[in-house]
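Right, one structure below, let's go through it.
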Amino acid sequence: VQLEQSGGGLVQTGDSLRLSCAASGRTFVISAMAWFRQAPGKEREFVAAISWLNYRTIYADSVKGRFTVFRDGVKHTMYLETNSLEPEDTAVYYCAASSTIVALSNTTSDYDHWGQGTQVTVSS
């Protein structure tokens with residue numbers, strides 16, 4: 001499975017961005033996909049995840065109500081709609097796919113395929 005990310009950029013506080021993650025290759029093995037982010041000097045943290053089986057979603061408390069994860073099953077693409085962005089959301093955002101988990105996970109080790117990352121910078 002290969003993951004190709006797009007979107008991101010420099011925005012101001014309160015703005016919105018849509019991130020995309022297109023899966024290719026053996027997409028039939030995917031059971032779940034997720035977004036993580038990593039700010040400078042910090043560990044990679046969970047943002048949101050979506051089940052490829054039943055479309056169920058989970059979110060980190062820090063983004064709940066502001067971010068929405070969804071997918072296009074035909075295009076094998078996952079999206080992250082980010083609204084009301086804050087400077088604290090500044091990070092490199094990574095998408096990830098799992099071919100093993102059944103229940104949604106917020107743990108990096110449960111995901112075995114990763115995108116290249118895309119920078120999101122929110123200015124105050």
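Read-outs: derived from the displayed coordinates by stated rules, not from any lab. In this text, all values refer to a predicted model and were calculated from it rather than measured experimentally. In this analysis, Cβ positions are derived from the backbone assuming ideal geometry, glycine residues included, and neighbour counts consider all displayed protein chains.
Placing one identical point scatterer on every Cα of the stretch 38-124 and ignoring solvent, what is log10 I(q)/I(0) from the Debye formula at q = 0.12, 0.15 Å⁻¹?
After summing over all Cα pairs, the log10 values are -0.36, -0.57.
Could you give the dipole magnitude of the chain about its Cα centre, charging the beta-carbon of Lys and Arg +1 and that of Asp and Glu -1, in debye to the nearest 20?
280 debye
Which of the chymotrypsin sites (Phe, Trp or Tyr not before Pro) found in the stretch 1-62 are loop residues per DSSP with 11 or fewer other Cβ atoms within 10 Å of their Cβ?
When the chymotrypsin sites (Phe, Trp or Tyr not before Pro) of the stretch 1-62 are filtered for loop state and at most 11 Cβ neighbours within 10 Å, Y55 remain.
FRET efficiency for N54 and Q116, Cβ-Cβ distance as r, R0 = 35 Å, nearest 0.05?
0.80
Less than 19 Å from a label point 7 Å out along the Cα-to-Cβ axis of T13: which backbone N atoms in the stretch 51-73 qualify, by residue?
62-64, 66-67
Under a 5 Å amide H to amide H cut-off, with H placed in plane at 1.01 Å, what residues pair with L85 once short-range neighbours are removed?
Those lying under 5 Å, H to H, from L85 are G14, D15.
Using a simple spin-label model with points 7 Å from Cα along the Cα→Cβ vector, what separation in nm is obtained for K64 and T108?
2.4 nm
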